[in-house]
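Data first, discussion second: the structure below is written as C-alpha cells.
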Amino acid sequence: MALTLAGVRRLAWEELVLPSRQPVAVPDTVLAPGVVLVTGPPGAGKSLLLRVLATLAVPRRGQVHYPWPAPGGEPVSFPGAGPGALAVVRGCTGYVPQEGRVARGMKVAAALAYLAALRAVPEPRQAVAAALRRWGLDGAARQRLEELSGGQWRRWLLAQSLLARPALWILDEPARGLDHDGVTLLRAALEEYRAAAAGGRPVWAVVADSEGRLADLADQCLVLPGR
C-alpha cells in the first residue's frame with residue numbers, strides 16, 4: 001500500500017542539494033502521479049536529480065521521500081533508508097540512463113533475462129518476450145549488445161527499464177538517438193503512465209527531454225533554475 005501523508009500519495013523532496021562540483025539546490029517539490037517533465041538550462045542538474053531519485057547518487061543535503069513503505073511499515077526516505085527500504089524503492093523503479101554501458105559479449109535477450117532474474121520479475125520468460133516485441137527487438141534477440149545500432153541500443157535501454165513494470169519510471173533524454181518509430185513506442189508507453197495516473201494509480205514517469213519531443217505529454221513541469 002502506498003504511503004499517504006495527509007491523504008495524499010506523494011513523491012517529494014525537501015532541502016535537496018545535488019552532489020555536483022558546485023552544489024545545486026533544487027526547490028522543494030511534491031510530484032503528483034503522472035508524467036513529469038524536468039527542464040532547465042545546461043548544467044542545472046537534470047541528470048543528477050534523476051540519479052538521486054533513482055538512489056544512484058547521494059545528495060549533499062536533503063532527502064527524497066517515496067510513496068512506498070519499508071518492510072516495517074515506516075516511510076522511506078533517501079538518504080537514510082536501510083538496505084531493506086532501499087530494496088523496496090529500487091524494486092519500484094525503472095531507470096533509463098542518458099548513455100548506459102554495453103556489457104560486451106552479452107546477447108540482447110540473454111541480457112534482459114539476466115536482469116529479469118536479478119530483479120525477481122514474475123514470469124521472466126514472458127516478460128522478456130513481451131519486452132522484445134514491444135520495443136521491436138525480436139529480430140535482434142540473438143545479437144550481441146555491442147552489435148546494436150544506436151537506435152536499437154536506446155530501445156534496449158527502454159526495454160530493460162520496464163521489465164518489472166515500475167511505479168517510478170525515470171528517463172534521462174530517452175528520445176535522443178531514437179528513430180521515428182522508436183519515439184512513437186516511447187510516447188505510447190508514457191501515455192500508459194498518464195492514463196494509469198489519471199485512473200488513480202500512484203505511478204510516475206519523470207523525464208528529462210531537452211529536445212522537446214515529449215513535452216506535450218507532461219502533466220507537470222519541473223524547472224530547475226540552475227546555479
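Might you let me know whether the stretch 123-139 holds any residue that is assigned to a strand (DSSP E or B) and of a type in the set (Gly, Ala, Ser)? Taking every residue of the stretch 123-139 in turn, none turns out to be assigned to a strand (DSSP E or B) and of a type in the set (Gly, Ala, Ser). Regarding the stretch 130-137, can at least one residue be identified that is surrounded by 16 or more Cβ atoms within 10 Å (Cβ to Cβ), more than 19 Å from GLU192 (Cα to Cα) and either in contact with a Lys or Arg (Cβ under 7 Å, 6 or more places away or on another chain) or polar (S, T, N, Q) (or both)? The answer is yes, given that some residue of the stretch 130-137 is surrounded by 16 or more Cβ atoms within 10 Å (Cβ to Cβ), more than 19 Å from GLU192 (Cα to Cα) and either in contact with a Lys or Arg (Cβ under 7 Å, 6 or more places away or on another chain) or polar (S, T, N, Q) (or both). Per the listing VAL58, VAL52, VAL108, the residue uniquely open to solvent by less than 40 Å² (accessible area, probe 1.4 Å) and within 26 Å of SER20 (Cβ to Cβ) is VAL52. Taken as a whole, the structure places PRO124 among residues that are within 17 Å of MET106 (Cβ to Cβ) and surrounded by 17 or more Cβ atoms within 10 Å (Cβ to Cβ). Checked against (1) over 17 Å from the mean Cα position of the chain (by Cα); (2) without any contact (Cβ under 8 Å) to a residue 60 or more places away in the chain, VAL76 meets all criteria but (2). Flag: ALA81 does not match the condition of being open to solvent by less than 20 Å² (accessible area, probe 1.4 Å) and out of contact with any strand residue (DSSP E or B) (no Cβ under 8 Å at 6 or more places or on another chain). The set of residues from the stretch 178-227 being under 20 Å from LEU50 (Cβ atoms), outside any helix (DSSP H, G or I) and open to solvent by 40 Å² or more (accessible area, probe 1.4 Å) comprises SER210, GLU211, GLY212, ARG213, ASP219, GLN220, CYS221, VAL223, PRO225, ARG227. In the stretch 140-152, what residues are buried (at least 16 other Cβ atoms within 10 Å of the Cβ), more than 23 Å from the chain's Cα centre (by Cα) and part of a helix (DSSP H, G or I)? Across the stretch 140-152, the qualifying residue is only ALA140.
The values are calculated or read from the model by the stated rules, or taken from the named source; none is laboratory data. Being a predicted model, the structure only gives us computed values, none of them experimental. Cβ atoms come from the backbone with ideal geometry, glycine included; neighbour counts cover every protein chain shown. Surface accessibility is based on the protein's heavy atoms, side chains included, excluding ligands, DNA and RNA. Shrake-Rupley method; radii C 1.70, N 1.55, O 1.52, S 1.80 Å.
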